[in-house]
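Since the structure comes first, as structure tokens, the remarks are kept for the end.
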Amino acid sequence: MNSRGAHGVGWIWGSALAFLLAAILLPWAGGSIRLDRVLAKAAPDYGIFVELRLSRTLLGLLAGGALALTGSLFQSMLRDSLATPYTLGVSAGASFGAVVTLALDLDRLLGFPAAWIGAMTGAAAVLLIVAGASYKRGSLSGVRLLLSGIALNSICTAFILLINSVVHDRRSFSITQWLLGSVDSVSYRALFVFGVVVLIASSIVITQARGWNLLAVGEAWAASRGADLRGLTMTGYCCGSVLTAGAIALTGPIGFVGLIVPHVVRARISPDNRVLMPCSMLLGGVLLASCDTIGRIVLAPAELPAGAVMALVGGPYLVWLVRRRF
Amino acid sequence: MSARLAVREVSFGYPGHRVLDSVSFSADGGEFIVLTGVNGAGKSTLLDIIAGLREPDAGEVSLEGRALAAWPAKERARRISHLPQGTRAALPFTVEQVVLMGRYAFADRWFESTEDRIYAEDAMRRMNCLQFRDRNFSTLSGGEQQRVLLAACIAQCPSVMLFDEPSTYLDVHQQVECFRTLAALAREGALCLAVTHDLNLALAHSSRVIVLDQGKIAADFPVENACADPAWIGRLSPHLRMARTPEGLPWVLYR
């Protein structure tokens, strides 16, 4: 391996270490629980640690990783530096599906929280509609995906507004709360399923990093270097959509992590997707989990949503970075 | 033995507009062919079809005797490189990273091998861009960027090289150097096919000229016969005429 490759691998290991440290340390932030009592499984420390803080931290790490990876993927695939996991309409579809279940006051479906099932169903429907609308003459064009996704985004948002304006006040409050997005504790069963989805989808995406590098230059350029355009675009769209839908089903829409982390990693570490994608994923998880922890302790006992903390911390930093770089 | 590249009765069009109409020619290694014609004659479309970027409505392109569509993408890229028109300029990659993209079809590991880097260095040296290998691509001038993209095509080590207006953005010296490099690659055994509007660069360096007019091949001749039947030049502009340099080379003059 050459020095550049070693440099990139060093950053990936460093990001993995940060991810591991976040998983170990963040559940303890804010005090009020003691290590010896948790190890002795003493109430309430053990319950707070296992049922609330650890699962919440793990969800932040997984959802942040999934969204940041999808952001870097869509930015390369669509050659659009403003692309986020939400650009292709899947998030609006997921939100629409979840809002329908909230409006109907459904609690559980198929043994899972109804909002999760609604979000996954809405995301799958949008995925199929956008992919179908973008498929033409044997190819799946990034431009067609982008425009169809933006159109579906607007349509789903319009339906969400419509539903929110006609439902009862209590349900409207639930819908608004869900749309704010937050990292809350979830069952380990849900975490396990989401973890497996993230592991599989992210492995597929990251192992094709050289193809995303080519697509970042242009479709004709990528095809001329030997990339399978149709396969790459379909893989990227499906994997990115699954990652986004899974994260949104569990956290609601928290999108900024998918914009800021890839830009910071691209500027500070490497634009090469072989380094950018794994680092974005690992550091995106660290960022979302950290923002959730800050939101949990800074105004305790009140809580600030992780998305709001991230916007307040990350927004000014991104503006500063853009001013320096462009 | 079949030709390295054979284009047979290729047609392509959009509803109400035919771009290419039964275009046929074949070519072998060692040739440097210049494809010229007025705007909209179908040159870039023909290059895209030969590169496998577009499917023809009729006809077939074959590479080494095998239909182009039958080649897997990576296998084809090991044999054909293509520099498309208008590749975007605001790339976040370094020059070396862009040139190494030419090795995509060869690399079978996460990072490129030492061999890949040797090919990339050689290509950068040939296109006179090794000195800014560590610079960000987006900080280069248009001409420097073009040389980097050409180097990536050369690093691909193909037997057929397609260039759509390779001398775009290049200064006069670099234009000459670019065409000299393409001629050298052809002498080393590659088949080079370049779209250009610079007729004197073409006549001075290429071995064969193909003129496209309204989607059809209007002329196809070895460069030494350029003056034998100068009617081809009239298809490009009425203000041009053929002449010869004191060394006897064909030369295009403005009337």
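Return the residues of region B:40-68 that are in contact with a helix residue (DSSP H, G or I) (Cβ under 9 Å, 6 or more places away or on another chain), over 22 Å from B:Ala151 (Cβ atoms) and hydrophobic (A, V, I, L, M, F, W, C); say none if nothing qualifies.
From region B:40-68, those in contact with a helix residue (DSSP H, G or I) (Cβ under 9 Å, 6 or more places away or on another chain) are B:48-56, B:59-63, B:68; that's our starting set.
With the extra rule that they be over 22 Å from B:Ala151 (Cβ atoms), the set shrinks to B:49, B:54-56, B:59-63, B:68.
If the condition is that a residue be in contact with a helix residue (DSSP H, G or I) (Cβ under 9 Å, 6 or more places away or on another chain), over 22 Å from B:Ala151 (Cβ atoms) and hydrophobic (A, V, I, L, M, F, W, C), then B:Ile49, B:Val61, B:Leu63, B:Leu68 are the ones that fit.
Here is a yes/no grid of residues against (1) assigned to a loop (DSSP other than H, G, I, E, B); (2) within 11 Å of chain A (Cβ to nearest Cβ); (3) modelled with pLDDT of 90 or more:
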{"residue": "B:Pro56", "(1), (2), (3)": "yes, no, yes"}
{"residue": "B:Gly86", "(1), (2), (3)": "yes, yes, no"}
{"residue": "B:Ala90", "(1), (2), (3)": "yes, yes, no"}
{"residue": "B:Glu96", "(1), (2), (3)": "no, yes, yes"}
{"residue": "B:Trp110", "(1), (2), (3)": "yes, yes, no"}
{"residue": "B:Tyr119", "(1), (2), (3)": "no, no, yes"}
{"residue": "B:Asp122", "(1), (2), (3)": "no, no, yes"}
{"residue": "B:Arg125", "(1), (2), (3)": "no, no, yes"}
Hey, which of the strands (runs of 3 or more DSSP E) in region B:135-230, taking only ones fully inside, have at least 1 residues that are touching a Pro at 6+ places or on another chain (Cβ under 8 Å) and within 26 Å of B:Ser11 (Cβ to Cβ)?
-> B:160-164, B:191-195, B:208-213
Entirely in region A:177-294, the helices (runs of 4 or more DSSP H) that have 1 or more residues that are more than 11 Å from chain B (Cβ to nearest Cβ) = A:188-206, A:209-217, A:229-251, A:257-268
Taking only region A:13-43 into account, find how many residues are closer than 18 Å to A:Glu303 by Cβ, in a loop (DSSP other than H, G, I, E, B) and not hydroxyl-bearing (Ser, Thr, Tyr).
-> 4
Do any residues in region A:159-186 that are within 23 Å of A:Gly65 (Cα to Cα) have Cβ atoms under 6 Å from those of residues that are not in a helix (DSSP H, G or I), where the two are at least six apart or on different chains, and which pairs are they?
-> A:Trp178/A:Gly252; A:Leu180/A:Pro305; A:Gly181/A:Gly252; A:Gly181/A:Pro253; A:Gly181/A:Ile254; A:Ser182/A:Pro305
Taking the residues in region B:96-114 that are within 11 Å of A:Ala222 (Cα to Cα) and small (Gly, Ala, Ser) as candidates, determine which candidate is surrounded by the fewest Cβ atoms within 10 Å (Cβ to Cβ).
-> B:Ala105
Total residues in region B:40-54, condition aliphatic (A, V, I, L, M) and within 12 Å of another protein chain (Cβ to nearest Cβ) | 4
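Just one of B:Gln175, B:Gln145 is at pLDDT below 95 and either basic (Lys, Arg) or farther than 24 Å from B:Leu53 by Cα (or both); which is it?
Details: B:Gln145 fails: either basic (Lys, Arg) or farther than 24 Å from B:Leu53 by Cα (or both).
Answer to the check: B:Gln175.
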Has region A:94-102 got at least one residue that is touching a strand residue (DSSP E or B) at 6+ places or on another chain (Cβ under 9 Å), of a type outside the set (Phe, Trp, Tyr) and either under 27 Å from A:Pro113 (Cα atoms) or buried (at least 17 other Cβ atoms within 10 Å of the Cβ) (or both)?
-> yes
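Taking region A:159-168 as the search range and keeping residues that are assigned to a helix (DSSP H, G or I) and touching a helix residue (DSSP H, G or I) at 6+ places or on another chain (Cβ under 6 Å), which one is nearest to A:Ala247 (Cα to Cα)? First the steps, then the outcome.
Of the residues in region A:159-168, the ones assigned to a helix (DSSP H, G or I) are A:159-166.
Adding the requirement that they be touching a helix residue (DSSP H, G or I) at 6+ places or on another chain (Cβ under 6 Å) leaves A:159-160, A:163-164.
Details: A:Phe159: 21, A:Ile160: 19, A:Ile163: 23, A:Asn164: 22 Å.
Checking each candidate, the answer is A:Ile160.
Could you say whether any residue in region B:101-121 is on the phi > 0 side of the Ramachandran plot and touching a residue at least 24 places away in the same chain (Cβ under 8 Å)?
no
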Residue check for B:Val61: at pLDDT below 95 and surrounded by fewer than 22 Cβ atoms within 10 Å (Cβ to Cβ) = no
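The values are calculated or read from the model by the stated rules, or taken from the named source; none is laboratory data. Keep in mind that this is a model prediction, so the values were computed, not measured. Cβ: placed from backbone, ideal geometry, glycine included. Neighbour counts: every protein chain shown.
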